[in-house]
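What follows is a set of notes on a single structure, which appears directly below.
The values are calculated or read from the model by the stated rules, or taken from the named source; none is laboratory data. This structure is a prediction, so every number in the text was calculated from the model and none was measured. For neighbour counting, all protein chains shown are included, and Cβ atoms are generated from backbone atoms with ideal geometry for every residue, glycine included.
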Amino acid sequence: MQFDFNEQQNEFRQEARRFLAAECSTERVRKALEGGGFDRSLWQGVAEMGFLGIAIPEEHGGLGLGYLELCAVAEEFGRAIAPLPILSSVYLAAEAIKSFGTGEQQAAWLPKIAAGAAIGCLASSEGERLSDKSVRTAFVNGMLSGTKTPVLDGDIADVAIVLAKDADALSLFLLDLSQEGVTRKTLNTIDPTRGQAELTFNNAAAERLGERGEGWASLQTLLDRAAVLVAFEQIGGADRALEMGRDYALERMAFGRQIGSFQAIKHMLADMYVSATLARSNAYYGAWALSTGAAELPRAAATARVSATNAFRHCAKNNIQVHGGMGFTWQMDCHLFYRRSNQLALALGSLPDWEEKLVTRLAAVNEPLAA
Amino acid sequence: MQFDFNEQQNEFRQEARRFLAAECSTERVRKALEGGGFDRSLWQGVAEMGFLGIAIPEEHGGLGLGYLELCAVAEEFGRAIAPLPILSSVYLAAEAIKSFGTGEQQAAWLPKIAAGAAIGCLASSEGERLSDKSVRTAFVNGMLSGTKTPVLDGDIADVAIVLAKDADALSLFLLDLSQEGVTRKTLNTIDPTRGQAELTFNNAAAERLGERGEGWASLQTLLDRAAVLVAFEQIGGADRALEMGRDYALERMAFGRQIGSFQAIKHMLADMYVSATLARSNAYYGAWALSTGAAELPRAAATARVSATNAFRHCAKNNIQVHGGMGFTWQMDCHLFYRRSNQLALALGSLPDWEEKLVTRLAAVNEPLAA
Amino acid sequence: MNFDDTPEEAAFRAEARAWIDANAPKHLDSMLSGAGHGTAGDIADVDMLAESKAWQKKKYDAGWACLHWPTEYGGRGATPMQRVIWNQEEGVYAQLSFTFIIGQGMCGPTVMAWGSEQDKQALLPPLAAGEDIWCQMFSEPSAGSDLAGLRTRAVKDGGEWVINGSKIWTSGAHISQYGILLTRTDPSVAKHKGLTMFWVDMRSPGIEVRPILQAHGQSGFNEVFFADLRIPDSQRLGGVGQGWTVSLTTLMNERLSIGSGMSTGFETLLDYAVRAPGRDGGRLVDDPTIRSRLADWATKASGLKYTSMRALTALSKGQEPGPENSIGKLVAGATSQDIASFAIDLQGEMGVLTDPAQAAHAARFQATLMRSPATRIEGGTDEILRNIIAERVLGLPGDVRVDKDVPFEKIPTRA
Amino acid sequence: MNFDDTPEEAAFRAEARAWIDANAPKHLDSMLSGAGHGTAGDIADVDMLAESKAWQKKKYDAGWACLHWPTEYGGRGATPMQRVIWNQEEGVYAQLSFTFIIGQGMCGPTVMAWGSEQDKQALLPPLAAGEDIWCQMFSEPSAGSDLAGLRTRAVKDGGEWVINGSKIWTSGAHISQYGILLTRTDPSVAKHKGLTMFWVDMRSPGIEVRPILQAHGQSGFNEVFFADLRIPDSQRLGGVGQGWTVSLTTLMNERLSIGSGMSTGFETLLDYAVRAPGRDGGRLVDDPTIRSRLADWATKASGLKYTSMRALTALSKGQEPGPENSIGKLVAGATSQDIASFAIDLQGEMGVLTDPAQAAHAARFQATLMRSPATRIEGGTDEILRNIIAERVLGLPGDVRVDKDVPFEKIPTRA
């Protein structure tokens, strides 16, 4: 049994951690928060480290490594709450193009994404909880028309993976956002370090990505894979929030003692550790399924997603509580994690949807013996 | 504003408390638990105090007082975790006969119930969560046939209020359990101080109670009223469990200090106090609605029910935790409250049903302005 | 058991209602009705301070300000129950009193209990009239829950005190004319024993007020810095070294006013759930997956509402509401955060948006999500409130105190 | 990342599997598969003690007993990973080892670490063979979480010790031949310093064992009373006054064995939910009202499972599993209680029934409901476990100790 990252993967993770510690301090995150816009130079630095192309084949400019390396690095991006479109561009767009794209489509976009020269995004939501019945954006004669909102990183993306009606079916499409038929409106969000936009397509040229009619199924596959990667961002964030709380509880004195000596605080932190640990173990399960292409992936992904969403929220929320009044100031970093925990909880579809997926998938496996 | 019991009602409560403290100690409750069977002499004592006929009109042998007096006394029965069929006989059967019965039916049964000479019960459940579609027991030519299970206090009751099919509708029926067509099977239960039975009717003579076809609606009314009364039993039990925990936390020493000086224990007890207090306030709301015949009763009853069920369970469960290993011994009384908290949570239909009723009723009141 | 007024209460209510109906600033109605969800919203268009002062002055002139204060200081000498009735009748316009709450609710009573007659005559009527705004300067960066650990020093210099140090979480300091200030005058005795209280003119030299930007991007609070601020000894409230006792007068009033009527947000959630569409075309409230949580929160909201009715009943009988009121904030704080989190999940990916024009239900839940962490901290953290309930209501022992009877300057400040 | 055996592990697994397949008491299969839900159930028909001893002896004779013990004391000298593999392969038959867990898992290692060579030779092989059953006598009525507060006195009398006092929660004392006993030999020094450990023949005069009836109506534990029990000094384990250190050997093993693989009950709930009918004719699992809670518990169950996989991976690399394992019991205890409560609610009024023949799903949830409060207490309460995690994993300070460095006899025993 080797239910852990191996030495090489851990070394890769360390490299990411060192890089992000040096280049992506919370001061830099704050710049994005405080209206500094997209940090393109940081993005270029990340690209130069090869982090954007970890799971992209070498022939398309990536490192050609596996998902475990990507998971390890995702954890570090989560820990650093990096203000970067890695979720959209790497976990979603690159994966979509790699999995469903033609050789031509891959050659056109993957090298650019790996190099950080193009940013991808997923445009699926249309303003309500998504279902395969509710999609209104339509593909007619090579053109897409409709409105997608919110689109994570849609404010800065160069290319979008779009879910749209394809006559009587749903397909995925690849759409270059630099064309005229595209209008973008930036939206205010609880986590401005990862932008949101409304994208309107008015007869915008698009090409099918993958088979016609496979859009919904492909999207689910894509979301499952991304859920594992995001779970790693979430456990990275949860761990850091826990550490911040722990450190503050050791340092802050009240009533002549460290506040960490009060059981109310100790036990709050212990419970944070418990949820972060369970989430980590579930994320590893997801990583195993993702990296081995196991049939358990749908179940493992939903498990990792629900667990990590709850854990990051729990840790980020209680980290503020441990900090007391200071924890709610702008100057302390606690709120950056609180914001991100909620942003990640809503990306890829929110908790109720994933709870439903999880139970449906568990119930399918556990067929009644007596039926 | 007088959102409280008045002096006279409180005096009545005190009388019940004094009586039960003297006559219904936990030693006496244990007798029932340990197979001593129904404590008929205690029941007779309760009847002589008039407690069984509080809300029964004087003309039928009761005290002719109001529901507030009954609520106050119910709280004391809950506090004493009395091993008596008061829920079945007083809150359900007497109420059913009083509300829906003919003058003749009332004259036949109410005096006996008030005097403790007859015990009533409600036979509605047929082994699954009850719905108006699932009833199989049927009334044909003046005779009832079918099986009701579990029936609280069905092992000792003399008369049953039965929900049954009445051709294409549902009605309530009054059935004398002393007749031949009735078979009883005693069932094992988590709280043996309040017995459960399976009652089988094989062409047992019964008479309609109330209008034909009103069975389901009448049952709901009956359950709403009983829910308020049971909520008072629950808050009485919750309060006593909280007091037991508090007293133990003050008395028990560990690490050279009272265990109540540890925040883990202090805060657990504080949370118990919070849930018990919210439940009490909700129960008062229910009492107000019940006693004034307010249109809010369905909502108030469901609120009281859900709140009190959660509070009693919470307090009974954590009372054991405060007591540590001692709390799980047979000799300590903690488990009596744990058992009763679960028994009362399941009587009248369990939490999911009441949660559904509560939300449905709230949603009906809060109609959208914009619709 | 009833919710009815006594005849006297009914008469008072009728009088209050009639006066409010005739005098209230009704042009603010729609704005005031929409507010209160943690966002400034469209309030930005109105000069709230001017409107607040105007309404307060009007009330003062007609004898409706600071109802429970004695008439000689600008109040009405009303009973606690009359004050409650007034608050009920004032309704949305009560939001115009927020600016004065700390002054009238906490500072005023402290001055009234501990100030000289001359000070009371001079300071209280303008406070009641809304001409002066007051702030309360107690908390410090290193003294929050452990308030008595404060370090702002006051040193006697002839007939004056010289103050150095800083305060934090001072609501309204930037618009205040006066404040009450708790200082340490003797670090060589046990922490609670070396404190002294003063009232201060906020326009004095040596005071600097800086707003604190909070996590949700707004600044409701300030830091206040004192550099050789000089206060005459006549502005002392209570004896030297008696500051802790004096501060209890203030804090008892704070706990009361913060705790009362705090919302769980359940009503907002229910309102949303009956208006918003569910996944299958019906109403959101009919979605069975949300039933259990709605029910749980319904009982919490209802439980708090009827707990306050019970407290009012006790009040009307002349009893004092106990520290049980702490449960209001404890329950409402955590519940409102849970509800906000749940509600944004129901909005799916749209839940991340915060612009009232774009987000569901005017972004109320997003605003609450971002504001609610503070609710669980300010005016007593959840942990302090549980201690209060455990100790004052249930009679459980206090935490073990390692700083008890230790001279303040000997208490460790670093681990 | 994989779940695969190394070639060596695979070979060991194959050998174990083959031996078990050839030798296991398969006539017990159906009974053992149905057990484990807190009820004795139909186990009553079988002489479990005899069956347990027979299976243990068989394993011993073939070299499969106490795998991690040295061969000279009746073990196999196996690696920790081989022990894990054995446990996986033993499957339901592992239930037959419950009787020996305390002896082999806790008492044996203590004797091995602290006993004389002569004692080890004499005592350990019969324990490994299942001929002797051992019990552990530490807890006392007034010393539970605060174990070092125990008061059972041992007084030296020549070459013997005279013991008076009592122990509680002694699992298996009524069927034990031996036990280890922690006593106080010096009440005039600080509590942890005055303790001494012994091993005891349970058939000695002066020992009385009384079963404790527990809240769920069963007696898994005993009280043990000592009246002038005499033990030769040669039965001392470790030095006089060294008892606390000796006990840590025992307790480290306890925490491990109780924590590992404890069930949340989620699998049972899922099994129930896919078999039981829902309200609208479908399966219960398709009832949308239960989705969210099922999902939450699913992640807890899964999280514990994969946490133990991570611990096994660490074990296979030669690392020691840390106190992180405390989370297993902490999570499983509370979760199993919540799940049981939820499941009986789903059964409506029938949920109150406890007879496996009458109640749904063979009354498993009712049994768990009644048993689970003990799970949250025994072997470390939830509160102690949170302290352990906070202190040993996160490095937070211990609770303030008022009994530290105080002579034991001066520590207050009444409020």
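Tabulated data for the structure shown
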item: Which listed residue is more than 14 Å from chain C (Cβ to nearest Cβ), in contact (Cβ under 8 Å) with a residue 60 or more places away in the chain, in a loop (DSSP other than H, G, I, E, B) and within 26 Å of B:A289 (Cβ to Cβ), from B:A55, B:A82, B:A16; result: B:A82
item: Selected residue [within 20 Å of the chain's Cα centre (by Cα) and of a type in the set (V, I, T)] from A:T360, A:T309; result: A:T309
item: Any chance A:G293 is crowded, with 24+ Cβ neighbours inside 10 Å, out of contact with any Leu (no Cβ under 6 Å at 6 or more places or on another chain) and either more than 7 Å from every other protein chain (Cβ to nearest Cβ) or at pLDDT 95 or above (or both); result: no
item: Subset of the range D:185-231 that is charged (D, E, K, R) and touching a residue at least 24 places away in the same chain (Cβ under 8 Å) - its residue that is farthest from the other protein chains (Cβ to nearest Cβ); result: D:R230
item: Candidate set: the range C:267-283, residues that are crowded, with 21+ Cβ neighbours inside 10 Å and over 28 Å from the mean Cα position of the chain (by Cα); chosen: the one nearest to the other protein chains (Cβ to nearest Cβ); result: C:V274
item: Verdict on A:S41 being among the small types (G, A, S) and either in the same structural domain as A:L222 (by the TED database) or in contact with a strand residue (DSSP E or B) (Cβ under 9 Å, 6 or more places away or on another chain) (or both); result: no
item: Filter result for A:K165 (over 30 Å from A:R339 (Cα atoms), within 12 Å of chain C (Cβ to nearest Cβ) and more than 24 Å from the chain's Cα centre (by Cα)); result: no
item: Strands (runs of 3 or more DSSP E) enclosed by the range B:114-172 - at least 1 residues per element that are surrounded by fewer than 23 Cβ atoms within 10 Å (Cβ to Cβ); result: B:138-140, B:143-152, B:159-166
item: Members of the range A:19-32 that are more than 25 Å from C:Q214 (Cα to Cα) and either touching an Asp or Glu at 6+ places or on another chain (Cβ under 6 Å) or in contact (Cβ under 8 Å) with a residue 60 or more places away in the chain (or both); result: A:L20
item: Tally, over the range D:287-305, of residues that are more than 7 Å from chain A (Cβ to nearest Cβ) and within 26 Å of B:L130 (Cα to Cα); result: 5
item: Qualifying positions in the range C:306-333 - among the charged types (D, E, K, R), over 24 Å from C:I377 (Cβ atoms) and within 14 Å of chain B (Cβ to nearest Cβ); result: C:R310, C:K317
item: Helices (runs of 4 or more DSSP H) contained in the range D:208-316 and holding at least 1 residues in contact with a His (Cβ under 9 Å, 6 or more places away or on another chain); result: D:243-259, D:266-275
item: Hits in the range A:312-326 - residues which are over 25 Å from the mean Cα position of the chain (by Cα) and more than 7 Å from chain C (Cβ to nearest Cβ); result: A:V322, A:H323, A:M326
item: Test: residue in the range D:162-184 that is among the charged types (D, E, K, R), in contact (Cβ under 8 Å) with a residue 60 or more places away in the chain and surrounded by 16 or more Cβ atoms within 10 Å (Cβ to Cβ); result: yes
item: Single match in C:K329, C:K317 (criterion: basic (K, R), out of contact with any Asp or Glu (no Cβ under 8 Å at 6 or more places or on another chain) and either within 25 Å of C:G220 (Cα to Cα) or at pLDDT 90 or above (or both)); result: C:K329
item: Single condition A:T221 does not satisfy, out of (1) touching a Leu at 6+ places or on another chain (Cβ under 7 Å); (2) in contact (Cβ under 8 Å) with a residue 60 or more places away in the chain; (3) not in a loop (DSSP other than H, G, I, E, B); result: (1)
item: Test: residue in the range C:394-403 that is assigned to a helix (DSSP H, G or I) and either surrounded by 24 or more Cβ atoms within 10 Å (Cβ to Cβ) or out of contact with any Phe, Trp or Tyr (no Cβ under 9 Å at 6 or more places or on another chain) (or both); result: no
item: Number of the exception - D:G398 against (1) more than 20 Å from A:S275 (Cα to Cα); (2) in contact with a Leu (Cβ under 8 Å, 6 or more places away or on another chain); result: (2)
item: Residue in the range B:246-265 that is more than 9 Å from chain C (Cβ to nearest Cβ), at pLDDT 95 or above, under 17 Å from the mean Cα position of the chain (by Cα) and not in a loop (DSSP other than H, G, I, E, B) present; result: no
item: Evaluation of A:A364 against (1) at pLDDT 95 or above; (2) out of contact with any Phe, Trp or Tyr (no Cβ under 9 Å at 6 or more places or on another chain) (one fails), failing number; result: (1)
item: Some residue of the range B:86-100 being part of a loop (DSSP other than H, G, I, E, B) and modelled with pLDDT of 95 or more; result: no
item: Count - residues of the range C:334-359 that are assigned to a helix (DSSP H, G or I) and more than 9 Å from chain A (Cβ to nearest Cβ); result: 7
item: Residue within the range C:364-384 that is more than 25 Å from A:G327 (Cβ to Cβ), touching a residue at least 60 places away in the same chain (Cβ under 8 Å) and under 22 Å from the mean Cα position of the chain (by Cα) present; result: no
item: Among (1) surrounded by fewer than 24 Cβ atoms within 10 Å (Cβ to Cβ); (2) at the interface with chain C (Cβ under 7 Å from one of its Cβ atoms); (3) among the aromatic types (F, W, Y), the one test that B:Y284 misses; result: (1)
